1. Collect the residues in the range 232-243 that are part of a helix (DSSP H, G or I) and under 17 Å from Tyr141 (Cα atoms), keeping them in residue-number order.
2. Of the residues that make up the range 95-116, is at least one farther than 25 Å from Asn171 by Cβ and of a type in the set (Val, Ile, Thr)?
3. With respect to Arg225, determine if the residue is surrounded by fewer than 18 Cβ atoms within 10 Å (Cβ to Cβ), more than 16 Å from the chain's Cα centre (by Cα), basic (Lys, Arg) and assigned to a helix (DSSP H, G or I).
4. Only one residue in Phe151, Phe161 is over 15 Å from Leu261 (Cα atoms), open to solvent by 40 Å² or more (accessible area, probe 1.4 Å) and touching a Gly at 6+ places or on another chain (Cβ under 9 Å), so which one is that?
5. Can you pull out the residues in the range 182-198 that are outside any loop (DSSP other than H, G, I, E, B), closer than 15 Å to Trp264 by Cβ and among the hydrophobic types (A, V, I, L, M, F, W, C)?
6. Regarding the range 291-298, can at least one residue be identified that is touching a Ser or Thr at 6+ places or on another chain (Cβ under 9 Å) and either surrounded by fewer than 23 Cβ atoms within 10 Å (Cβ to Cβ) or without any contact (Cβ under 8 Å) to a residue 24 or more places away in the chain (or both)?
7. Inside the range 271-285, can you point out the residues that are surrounded by fewer than 18 Cβ atoms within 10 Å (Cβ to Cβ) and either of a type in the set (A, V, I, L, M, F, W, C) or more than 23 Å from Tyr333 (Cα to Cα) (or both)?
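The values are calculated or read from the model by the stated rules, or taken from the named source; none is laboratory data. Just so we're clear, the structure is a prediction, and the values are computed from it rather than from any experiment. Cβ atoms come from the backbone with ideal geometry, glycine included; neighbour counts cover every protein chain shown. When the accessible area is computed, the model is the full protein with side chains, heavy atoms only, and any ligands, DNA or RNA have been set aside. Shrake-Rupley method; radii C 1.70, N 1.55, O 1.52, S 1.80 Å.
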Amino acid sequence: MAEADNYEESTRGGDADAQAEFEQNHKGVIGQIHNVLHAAPALVPLIVLVVAVIIFGLLNENFWRVSTLSLIFQQIGIVGILGIAQSLVILTAGIDLSVGAMAVLSSVIMGQFTFRYGVPPAAAIGIGLVAGACMGAINGYLVAKLRIPPFITTLGTWQIFLAANYIYSANETIRSQDIDANAPSLKFWGSTFNVGDARVTYGVVLLLALVAIMAYVLRQTAWGRHVYAVGDDEEAAQLSGVNRSRQLIQVYTLAGFFCALAGWVMIGRFGSVSPSASTGQLGNIQAITAVVIGGISLFGGRGTIVGMFLGALIVGCFEMGLRLAGADAQWTYLLIGVLIIAAVAVDQWIRKVSA
């Protein structure tokens, strides 16, 4: 009788081992791909970017020229910095629809304080950066303390900041020649230098530096880990000692500061201070596009700044590549729209399998 029981037990154990082995083999390549993508969310945008560069280069060899690639970097300078601000907010499971408006209003403040009030340009720039941080702090306070959903909060402040921008500036544009003559430091980030055949702006250098710094901060510091923790599971983060309200206010304040930096870069890029700059209307959409294509989850807690940077490059490559190929501009929007949906679908798949 004992021998029969032992035989039955060993048989059940063998069946369990066989089932486990079957499940592991059943996952196979798909399971391995999932594990890799879950561990490295920036891998998908990297693959898309490499494929895009190869295809557009084959369609038009001018795409592979150093001058063309450097121009792509210049074009994504503003969007990339706004994308850093947006990434911080989205990692906390929020969203900021006001990033473009904060950038434009900050640039207008820098220009108006210089030319209307006679404030030295360096001080005016500092005032503009502080103003951007304050606008971000307002968003953070409304979300963290008053518990207003981020979408509603920033939808409202987007319209408030944009309207304040037009009212304060009286819709007056400060011309490039006036800036060159009286406050060239406002256009500092638009200055260029050559690296071989590549023409590089200081704004591109700033973007690369910010990406490197924030990638380190988010992955290697306690503050960065708290950002991920709040976005991944807010209640668990609070139970582990993270001050949710303080963390969110800090994140939104830093995002506002980065938006003000983007506004300063915008002056150098466009050459003037214009309250009607397209960034005020489209900046938030462009930033969200770079974030989503870059593999940062809209549900928070997953993704990297490097991925966002790759997403911005993908958008820049598609715009330049299709232009060189002679395609209708609408194809750019169509393909980017497909990429956005695909990126969210991949994120959903990773989250579903992980669960």
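1. Within the range 232-243, the first condition is being part of a helix (DSSP H, G or I), and the residues that meet it are 232, 234-239.
Once the filter is applied, which keeps residues that are part of a helix (DSSP H, G or I) and under 17 Å from Tyr141 (Cα atoms), the range 232-243 yields only Glu234.
2. The answer is yes, given that some residue of the range 95-116 is farther than 25 Å from Asn171 by Cβ and of a type in the set (Val, Ile, Thr).
3. On the way: surrounded by fewer than 18 Cβ atoms within 10 Å (Cβ to Cβ): yes; more than 16 Å from the chain's Cα centre (by Cα): yes; basic (Lys, Arg): yes; assigned to a helix (DSSP H, G or I): yes.
When the stated conditions are applied, Arg225 passes them.
4. Checking each option against the conditions leaves just Phe151.
5. Filtering the range 182-198 down to residues outside any loop (DSSP other than H, G, I, E, B) leaves 182, 184-190, 192-195, 198.
Okay, now just the ones that are also closer than 15 Å to Trp264 by Cβ, so 184-190.
If the condition is that a residue be outside any loop (DSSP other than H, G, I, E, B), closer than 15 Å to Trp264 by Cβ and among the hydrophobic types (A, V, I, L, M, F, W, C), then Leu186, Phe188, Trp189 are the ones that fit.
6. Our first condition is that a residue be touching a Ser or Thr at 6+ places or on another chain (Cβ under 9 Å); within the range 291-298, this holds for 291, 294-296.
Add one more test, that the residue is either surrounded by fewer than 23 Cβ atoms within 10 Å (Cβ to Cβ) or without any contact (Cβ under 8 Å) to a residue 24 or more places away in the chain (or both), and what stays is none.
No, the range 291-298 contains no residue that is touching a Ser or Thr at 6+ places or on another chain (Cβ under 9 Å) and either surrounded by fewer than 23 Cβ atoms within 10 Å (Cβ to Cβ) or without any contact (Cβ under 8 Å) to a residue 24 or more places away in the chain (or both).
7. Residues of the range 271-285 that are surrounded by fewer than 18 Cβ atoms within 10 Å (Cβ to Cβ), as a first pass: 271, 276, 278, 281-282, 285.
If the condition is that a residue be surrounded by fewer than 18 Cβ atoms within 10 Å (Cβ to Cβ) and either of a type in the set (A, V, I, L, M, F, W, C) or more than 23 Å from Tyr333 (Cα to Cα) (or both), then Gly271, Leu282, Ile285 are the ones that fit.
Conditions tested, residue by residue: (1) farther than 30 Å from Phe193 by Cα; (2) touching a helix residue (DSSP H, G or I) at 6+ places or on another chain (Cβ under 9 Å); (3) modelled with pLDDT under 90; (4) not small (Gly, Ala, Ser).
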| position | (1), (2), (3), (4) |
| --- | --- |
| Ala16 | yes, no, yes, no |
| Gln19 | yes, no, yes, yes |
| Pro41 | yes, yes, yes, yes |
| Leu49 | no, yes, no, yes |
| Val53 | no, yes, no, yes |
| Phe56 | no, yes, no, yes |
| Asn60 | no, yes, yes, yes |
| Val79 | no, yes, no, yes |
